[in-house]
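The values are calculated or read from the model by the stated rules, or taken from the named source; none is laboratory data. Everything numeric in this text was worked out from a predicted model, so none of it was measured. We work out accessible area using only protein heavy atoms, side chains counted, and drop any ligands, DNA or RNA first. Shrake-Rupley method; radii C 1.70, N 1.55, O 1.52, S 1.80 Å.
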Amino acid sequence: LLILDARSPLARSEDQRLLPGAVLVEGDAFHQHLPADARERTIVTFCTCPNEAGAAILAKKLLDLGYTRVRVLTGGTEAISHLNQVVG
């Protein structure tokens with residue numbers, strides 16, 4: 001499992017919790033900084049914006065780049081808290 005944090009810098013400054021092992025996504029060349037085995041892993045994108053818009057946009061970019069195992073975490077802050085308990 002590879003978790004990508006699609007929150008904006010402002011959102012991260014307002015909620016500084018991090019998921020263990022999550023990769024912070026910054027800039028358009030984010031995919032160049034993913035682990036070498038990213039294409040073989042399930043990728044979960046998340047954010048705290050309304051309707052998970054940032055996470056959905058990031059997931060679409062990954063799919064357009066040929067990644068096939070991409071999922072969007074829904075539920076915003078509450079889902080992040082739950083996931084943090086599971087992976088933390």
- Message: In whole Hz and in residue order, list the ³J(HN,Hα) couplings for region 51-66 that follow from phi through the Karplus curve 6.51 cos²θ - 1.76 cosθ + 1.60, θ = phi - 60°; x for Gly and Pro.
- Response: 6, 6, 4, x, 5, 5, 5, 5, 4, 4, 4, 5, 4, 5, 7, x
- Item | Other-chain or far-sequence residues with amide H under 5 Å of VAL70's (modelled H) | ILE43
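Can you tell me the accessible area per residue over region 32-78, all protein chains present, probe 1.4 angstrom, in square angstrom? Write out the running numbers ahead of the final one.
Working: 2850 Å² over 47 residues.
Spelled out: the 1.4 Å probe surface of region 32-78, per residue, equals 61 Å².
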- Taking the structure as given and computing volume of the Cα convex hull per residue in Å³, which label from [x] 115; [y] 123; [z] 88 fits? [z]
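Note the full-extension length gain between SER13 and PHE30 as 0.36 nm times their separation in residues minus their Cα-Cα distance, in nm to one decimal.
Working: separation 17, 0.36 × 17 = 6.12 nm, distance 1.96 nm.
Taking 0.36 nm per residue and subtracting the Cα distance, the gain is 4.2 nm.
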- In whole Hz, what ³J(HN,Hα) sequence does region 24-32 give by Karplus (6.51, -1.76, 1.60; θ = phi - 60°), x for Gly and Pro? 6, 9, 9, x, 6, 9, 3, 5, 6
- List every residue whose amide H lies under 5 Å from the amide H of VAL23, counting only residues 5 or more places away in sequence or on a different chain, with H placed 1.01 Å from N in the peptide plane. ILE3, LEU4, ASP5
- Message: At 1.4 Å probe size, with the rest of the protein present, what percent of the exposed accessible area of the chain is carbon and sulfur atoms?
- Response: 54
